[in-house]
Amino acid sequence: MSDTILIVAGLGGAIIALVHGYLGQTIVIPSFSGGSPSMRRVNHAVFQLSTLYWFAGGIALIYAAVFIDQGERTIIVAMVSFLYITGAVGNLWATRGRHPGWILLTVVTGLAIIGA
């Protein structure tokens with residue numbers, strides 16, 4: 001059962017990342033009109049790097065559930081959970097709770113911890 005929960009957490013993290021990247025690329029990033037061109041590039045890079053990291057975390061959780069034994073799985077879950085929960089806290093703080101991303105990342109973190 002813990003393998004299934006960990007796979008669900010990994011799929012959740014990967015799906016959140018893909019939706020984040022798609023909506024960011026099509027809606028959010030084009031709205032960055034102010035500032036210098038270099039600042040717009042930095043905003044774009046930071047936005048898409050968070051997408052990449054969350055996607056990689058989801059894949060790592062799935063991989064851990066399928067291929068890794070229990071001892072090493074705990075380490076992977078701890079690292080990915082730290083990645084997700086810091087993203088959730090940053091999202092909560094930056095948007096004052098108005099963005100659902102912090103809730104989604106918190107749920108995926110909880111599932112990952114339960115599945116560990």
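The numbers here are math on the coordinates, done by the rules we state, and not lab data. Keep in mind the model is a prediction, meaning the values are calculated, not measured. So basically every Cβ, Gly included, is an ideal-geometry build from the backbone, and we count neighbours across all protein chains shown.
From the gyration tensor of the Cα coordinates in the chain, what semi-axes in whole Å does the equivalent ellipsoid have, largest first, with each one equal to sqrt(5λ)?
Details: eigenvalues 170, 37, 25 Å².
One finds semi-axes of 29, 14, 11 Å for the chain.
Take peptides 12-18, 77-83 and line them up by average Cβ neighbours within 10 Å, highest first, as a rough protection proxy.
Working: 12-18: 20.4, 77-83: 18.7.
Result, highest mean first: 12-18, 77-83.
How many angstrom lie between the Cα centre of region 57-97 and the Cα centre of region 11-34?
Between the Cα centre of region 57-97 and that of region 11-34, the gap is 19 Å.
Using the per-residue mean of other Cβ atoms lying within 10 Å as a proxy for protection, in what order, highest first, do the peptides 57-63, 20-26, 110-116 fall?
On the way: 57-63: 22.0, 20-26: 14.4, 110-116: 20.0.
Going by the mean number of other Cβ atoms within 10 Å, highest first, we get 57-63, 110-116, 20-26.
Among all stretches of the chain without exposed trypsin sites (Lys or Arg not before Pro) (DSSP loop, at most 13 other Cβ atoms within 10 Å), which one is longest?
Details: sites that count: 96, 98.
That would be 1-95.
Please list the helices of the chain that count as membrane-span-like by this rule: a mean Kyte-Doolittle hydropathy of at least -0.5 together with Cα atoms stretching 24 Å or more along the helix axis, each helix being a complete DSSP H run.
2-23, 37-67, 70-95
Set the Förster radius R0 to 35 Å, insert the Cβ-Cβ distance between residue 45 and residue 68 as r into 1/(1 + (r/R0)^6), and round the FRET efficiency to 0.05. Could you put the intermediate results ahead of the total?
On the way: r = 31 Å, r/R0 = 0.88.
For R0 = 35 Å, the calculated efficiency reads 0.70.
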